[in-house]
Amino acid sequence: DRRCCADMALAAARGLELLLLKPRRLMNLNGLSVASAAEIYNLRPEDIYLVHDDLDKALGKVAIKLGGSARGHNGVRSCISALHSNEMTRLRVGIGRP
């Protein structure tokens with residue numbers, strides 16, 4: 001979708017409509033894509049699930065968290081800034097430290 005500068009897919013799961021978004025911007029600017037999609041599709045920050053990597057988690061480990069700080073992740077920081085909220089649910093996927 002050129003309006004969001006992102007690859008998008010619509011999906012259905014258990015009666016819910018899902019909008020999957022993969023920003024095409026640099027990580028530090030991906031919040032602009034998320035905010036654009038949120039405006040176009042009338043989504044609140046509480047409706048958004050951010051999936052992102054986490055250096056502090058072991059490879060393949062997954063954690064879910066509601067709100068909070070960016071914890072040093074520039075992509076999450078960009079989303080918080082663009083949406084003016086930290087109320088997104090985060091799905092943190094461990095990539096481990098080198």
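Taking all protein chains as shown and a probe of 1.4 angstrom, Glu39 keeps an accessible surface of around 150 Å².
Each residue of region 52-68 was assigned a 3J(HN,Hα) from its phi angle through the Karplus expression (A = 6.51, B = -1.76, C = 1.60, θ = phi - 60°), giving 8, 6, 9, 5, 7, 9, 4, 3, x, 6, 10, 9, 10, 8, 9, x, x Hz with x at Gly and Pro. Cross-link partners of Lys61 among aspartates and glutamates, defined as those whose alpha carbon lies under 19 angstrom from its own and excluding same-chain residues fewer than eight positions apart: Asp53. In sequence order, region 88-93 has phi-based couplings of 7, 7, 10, 10, 9, 10 Hz under the Karplus curve 6.51 cos²θ - 1.76 cosθ + 1.60, θ = phi - 60°, and Gly or Pro positions carry x.
Please give the net charge around Cys4, taking every other residue with its beta carbon less than 15 angstrom from that of Cys4, where Lys and Arg add +1 and Asp and Glu add -1. Residues near Cys4 contribute +2 overall. Per residue, the accessible area of the chain comes to 68 Å² when a 1.4 Å probe rolls over the protein heavy atoms. Summing Lys and Arg as +1 and Asp and Glu as -1 over all other residues whose Cβ lies under 10 Å from the Cβ of Ser33 gives a net charge of +2.
Could you tell me what percent of the accessible area of region 6-94 is made up of carbon and sulfur, with a 1.4 Å probe and every protein chain present?
With neighbouring chains kept in place, the figure for region 6-94 is 55 percent.
When Ile64, Ile80, Ile48 are compared by accessible area at a 1.4 angstrom probe, the order from most to least is Ile64, Ile80, Ile48.
When you restrict to C-alpha pairs under 8 Å that are six or more residues apart and normalise by the size of the chain, the relative contact order lands at 31 percent. Only helices enter the 222 nm calculation for the chain: every DSSP H run of n ≥ 4 contributes -39,500 (n - 2.57), and dividing by all residues gives -6500 deg cm²/dmol, rounded to 500.
The values are calculated or read from the model by the stated rules, or taken from the named source; none is laboratory data. This structure is a prediction, so every number in the text was calculated from the model and none was measured. Virtual Cβ from ideal backbone geometry, glycine too; neighbours counted across all protein chains shown. Areas reflect the complete protein model, heavy atoms only, side chains present, ligands, DNA and RNA absent. Shrake-Rupley method; radii C 1.70, N 1.55, O 1.52, S 1.80 Å.
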